[in-house]
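Enquirer: To start, I am sharing the structure in question, which I have written as structure tokens.
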Amino acid sequence: MQEHIENDPHYQGLTVNEGVERLPIVNPYRKKIRRHQYTVDEYVNGILAGDKVMLSQAVTLVESTLPAHQEIADQIIERCLPYAGKSERWGITGVPGAGKSTSIEALGMSLIRQGKKLAVLAIDPSSERSKGSILGDKTRMEELSVQDNAFIRPSPSAGSLGGVARKTRESIVLCEAAGYDTIFVETVGVGQSEVAVHSMVDFFLLIQIAGAGDELQGIKRGIMEMSDGIAINKADGDNLNRAKLAAANYRNALLLFPMPEAGVRPEVLTYSAKTGTGVQDVIDMVQRHIALCKENGVFQARRHRQDSYWMQETIEEALRNNFYHNQHIMQLMESKQMQVMNSEMTAFRAAQDLLDVYFHQL
């Protein structure tokens, strides 16, 4: 006779009946679809034909950190380079809340109605704390994002500012090869990302708003000096007069800065991305400035300086990555940091020791 389960010393007062075996997938006969691996020729031909899917996948390769992807991306960029460089590159920055996304949609839709092809890219290096990224917000560009002649790409979500900026610059080359004649590069408006954007565009637009306290104290001097034009958004309703006053204040402030290379001081305009009032004026301002720079040679000189700058940045980024991924450096780094924090060694001496080890390996 079988002993009752309750007499079992291991019995815990709960009987569990084994269930049905769990299937690994809902349909065991489903075949796993393997994504087609495109060749470099297929990517290049697709991009030159204006295929947005191929362009998007090529940008993904550019943003990838996998060596195999980077090798393919380099070949694609090299092949696309002869077809690039013919667009107008706009840099767009502004404090949070200035309405950059709404402005980009308003400006973009106006340009598309004029027959332009627009690509919107973003520079937003990951947060040092969260390692997250404030991506270019496509959800706020509902109308623009569904246009056949628009391509919107959020920021790469990882990496240092230099790495993210380099990938954005390479994405510009691909977009230009795909036939986009106007490129918007948006920045979150904080930190050093404005410098990176300024070094890859033909016109740097600063978007501001009025009625948020002392406007001139809320913007860094360096950003104003970099700006080729300032546009005061939300110039509508009860805020119209405040926007006009803010514009006058900015015009006066710009008189204190040295004359820009183009030979004309930045214009300051008011507009409303919400109502559309003044949006065309902003477009005219940008196009007028670019036309002037092409006429007096500043446009080409600026492009040449930017190419030289990015060559140096690429070298520095490669050296930095090679240094920090060196096995000998990785083994010594933590101990050197502890010595510095414990005041056993100066930061300069620790850095010099690490550099000596690194150069000895070359």
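Enquirer: Of the listed peptides 314-322, 232-240, 198-206, 67-75, what is their order by residue-averaged count of other C-beta atoms within 10 Å, with the highest listed first?
Expert: So the order, starting with the most tightly packed, is 198-206, 232-240, 67-75, 314-322.
Enquirer: By how many nm would the segment from VAL357 to LYS244 lengthen if fully extended, with 0.36 nm per residue of separation less the alpha-carbon distance?
Expert: Details: separation 113, 0.36 × 113 = 40.68 nm, distance 5.98 nm.
So the extension gain works out to 34.7 nm.
Enquirer: Past the 27 Å Cα-Cα mark, which pairs from LYS234/LYS294; LYS116/LYS294; LYS86/LYS167?
Expert: Numbers: LYS234/LYS294 31 Å; LYS116/LYS294 19 Å; LYS86/LYS167 19 Å.
With Cα atoms farther than 27 Å apart: LYS234/LYS294.
Enquirer: Quick check: net charge around LEU332, other residues with Cβ under 12 Å of its Cβ, Lys/Arg +1 and Asp/Glu -1? The partial results should precede the final answer.
Expert: Working: positive: LYS336; negative: GLU334, ASP353, ASP356.
Computed value for this residue: -2.
Enquirer: Search the structure for amide H atoms under 5 Å from the amide H of GLY94, placed 1.01 Å from N in the peptide plane, and list their residues when 5 or more places away or on another chain.
Expert: When sequence neighbours closer than 5 places are left aside, the close amide H contacts are GLY189, ILE207.
Enquirer: Just check the range 275-326 against the gyration tensor rule for me: Cα atoms, a ≥ b ≥ c as the square roots of the eigenvalues, rounded for a/c under 1.5, and otherwise prolate or oblate depending on whether a/b exceeds b/c.
Expert: Values: a/c = 10.37, a/b = 2.10, b/c = 4.94.
Oblate, since a/c reaches 1.5 and b/c is not below a/b.
Enquirer: For a quick protection proxy, order the peptides 111-118, 349-356 by their average other-Cβ count within 10 Å, most packed first.
Expert: 111-118, 349-356
Enquirer: Please order PHE184, PHE323, PHE299 by the number of other Cβ within 10 Å, starting at the fewest. Before the final figure, lay out the partial values.
Expert: Values: PHE184 26, PHE323 14, PHE299 19.
Arranged by neighbour count, lowest to highest, PHE184, PHE323, PHE299 become PHE323, PHE299, PHE184.
Enquirer: If you split all Cα-Cα distances of the range 219-362 into 10 Å bins from zero, what percentages do you get per bin, shortest first?
Expert: Going out from 0 Å in 10 Å bins, the range 219-362 shows 10, 23, 20, 14, 17, 16, 1 percent.
Enquirer: Is the shape of the range 35-83 rounded, prolate or oblate, going by the alpha carbon gyration tensor and its root eigenvalues a ≥ b ≥ c, with a/c under 1.5 for rounded and a/b larger than b/c for prolate?
Expert: Values: a/c = 1.69, a/b = 1.26, b/c = 1.34.
Here the range 35-83 falls in the oblate category.
Enquirer: Enumerate the amide H contacts of ASP202 below 5 Å, restricted to partners 5 or more residues apart or on another chain; note that Pro and chain-start residues carry no placed amide H.
Expert: Close amide H contacts, sequence-distant or interchain: ARG89, TRP90, GLY91.
FYI, it's all coordinate maths here, none of it is from the lab. Every value quoted in this text rests on a predicted model; they were computed, and no experiment measured them. Virtual Cβ from ideal backbone geometry, glycine too; neighbours counted across all protein chains shown.
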